[in-house]
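Below is one structure, written out as structure tokens; comments come after it.
Each reported figure results from applying straightforward, stated rules to the coordinates on display, with no laboratory input. Note that the coordinates shown come from a computational prediction; the quantities given were computed from them, not determined experimentally. In this analysis, Cβ positions are derived from the backbone assuming ideal geometry, glycine residues included, and neighbour counts consider all displayed protein chains.
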Amino acid sequence: MSTLSSTQRLVLLALEHMAPKKKILHLINTAERGGAEMSLLRMLPLLNETFESIFVTLRGRGPLAENFERAGIKVIEVNQKHPWDIASYVRLRKILKTTHPDLIVTHLLLPDLIGRFFIQIFTPYKVISSLATTYNFPRYRIARFIEKSTRYFCRGYMANAESVKKTYVEKFGVPEKKVTVVPTGMDIESLQATVPNETLRHSLGIKATDTVIICVANLHINKGHRYLLEAFEQLYKKHPDTKLLLVGGGQEKDALRNQVELYASKEAILFLGQRSDVSELLALSHIFALPTFFEGMCNAIMEAMASKLPVVTTDIPENQELVTHEKTGLLCPVKDTQRLANALERLVSDKQLAKTLGQNGAESIERRYNLKDSVSRWREYFLTLSN
């Protein structure tokens, strides 16, 4: 068999680049600073050469919309006032007809339901659901019921962790063959290249001798901030040279502020709200803590580990997938203030242990969730489904 000439190879390469990109439309509530949104912002721009990614938000643009657009990803608003807003479904159908995507990926509960019912019934487009959490908390029993009762209407699932897949298969009855695990990746080089910003440190009132504990998570009840504040109050009484940074906003903000009103540690707890400089805040910190009740593949934990911070988090299956107790971090029971305080005390008191856990954690993320390999997995998965 004759080999291709150099001219023929150039022609084939030119034809390949001339072929239209596959269109992948992502339907989500809004472009806020949540785990799912931050994962998409990190991954999708790296797929621009292969796909035309379209970001459709149901409830307005959100604070990350400009970031997506600067990365070459189109953002379209549906402006849905409520789930029964009939006009919004007419607008959504028009958007789909105009963009004509090869694949639609829905993110979070309401977009999932819209994809499984409205889009699949009234349009010809292929829809899959992205899974990023387990809803493993009593308050979310309605969400678990919805996921279980609508599993027959979903063509396929893209899970970000093995633990999430296991939950959907074992607890929600989803056929295993329907769920593919496609984890996100971390830009480890960028995170580790970020150095402490002295101007930022000064603006936050942090001394060079302070030990800084950081928690990056929206202020929702399932993130367990209440127990972190209780544990920090215990720690602070022994180590008054500690600071606690809470990064994120949410409905629990007022309750948490009220909780610390009479704490001795009140002035050492900084409610920073939503921030665009998380990597700089991680670089200023020494310990990452997140006493969450349930997760998926937690981006905040992954970022902290990639930044060489020792991690203290809860001993739940989702976190066990990322953190090995006593090797890459410390795991504590859910809602256990004392065990959480003890873990923080160990890391504050034992600098060598903290350094070793941080180094081991970074090596684990580099080995298992580096950005290059994760982008390749996403590309292969989307290409397979969009053909």
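A few comments on the model shown:
- Note on the chain: GNM, Cα springs under 10 Å; of Val311, Val90, Val182, the largest mean-square fluctuation is that of Val90.
- Phi angles across region 293-308 convert, under the Karplus curve 6.51 cos²θ - 1.76 cosθ + 1.60 with θ = phi - 60°, into 3J(HN,Hα) values of 7, 7, 8, x, 8, 6, 4, 5, 5, 4, 5, 5, 4, 4, 8, 6 Hz, Gly and Pro given as x.
- FRET efficiency for Glu66 and Leu383, using Cβ-Cβ distance with R0 set to 35 Å, rounded to 0.05: 0.80
- Computed FRET value (nearest 0.05) for Glu49 with Glu162, which takes r as the C-beta separation and R₀ as 25 Å: 0.30
- Remark on Thr292: its backbone amide H falls under 5 Å from those of Thr314, a criterion applied only to residues 5 or more positions apart or on other chains, H modelled at 1.01 Å from N.
- A Gaussian network model of the chain, with springs between Cα atoms under 10 Å, assigns the largest mean-square fluctuation among Leu331, Leu200, Leu113 to Leu200.
- Inter-centroid distance (Cα atoms) of region 64-108 relative to region 124-147, Å: 19 Å
- Within-10-Å neighbourhood charge of Gln192 [Cβ basis; K, R +1; D, E -1]: -2
- Among Asp254, Asp315, sorting on how many other beta-carbon atoms sit within 10 Å of each Cβ, with the fewest leading, yields Asp254, Asp315.
- The HN-Hα couplings worked out from phi for region 48-62 by the Karplus form 6.51 cos²θ - 1.76 cosθ + 1.60 (θ = phi - 60°) are 4, 6, 9, 10, 9, 8, 10, 10, 10, 9, 6, 10, x, 6, x Hz, whole numbers, x standing for Gly and Pro.
- Computed from backbone phi with θ = phi - 60° and the Karplus coefficients 6.51, -1.76 and 1.60, the 3J(HN,Hα) list for region 165-171 is 4, 4, 4, 5, 6, 7, 9 Hz; x is used for glycine and proline.
- Order of Ser374, Ser285, Ser203 - criterion: other Cβ atoms within 10 Å of each residue's Cβ, fewest first: Ser203, Ser374, Ser285
- Residue order, fewest to most surrounding Cβ atoms within 10 angstrom, among Thr133, Thr211: Thr211, Thr133
- Cα centroid separation, region 313-351 to region 188-242 (Å): 16 Å
- Electrostatic dipole magnitude of the chain [Cβ: Lys, Arg +1; Asp, Glu -1; Cα centre; debye, to 20]: 1160 debye
- Between Val181 and Ala159, the built amide H atoms are under 5 Å apart, and every one of these is 5 or more places off in sequence or on another chain.
- Theoretical gain in end-to-end length, Gln320 to Asn258 [0.36 nm per residue, Cα-Cα removed]: 19.1 nm
- Among Gly224, Gly62, Gly35, residue whose mean-square fluctuation peaks in a GNM of the chain (springs only between Cα atoms under 10 Å): Gly62
- For the chain, the normalised intensity computed at q = 0.07, 0.08, 0.09, 0.11 Å⁻¹ comes to -0.35, -0.45, -0.56, -0.82 (log10 of I(q)/I(0), Debye sum over alpha carbons, equal scatterers, no solvent).
- Computed lengthening from Asp350 to Thr99, 0.36 nm per intervening residue step minus Cα-Cα distance: 84.8 nm
- FRET efficiency, Tyr152 to Glu267 (Cβ-Cβ, R0 41 Å, nearest 0.05): 0.15
- Taking every DSSP bridge with both residues inside the chain, close to 0 percent are antiparallel.
- Amide N of region 306-338 lying under 16 Å from the label point, which is placed 7 angstrom from the Cα of Glu170 along Cα→Cβ: 315-322
- Ellipticity estimate at 222 nm from DSSP helix runs (n ≥ 4, -39,500 (n - 2.57)) divided over the chain, nearest 500: -12500 deg cm²/dmol
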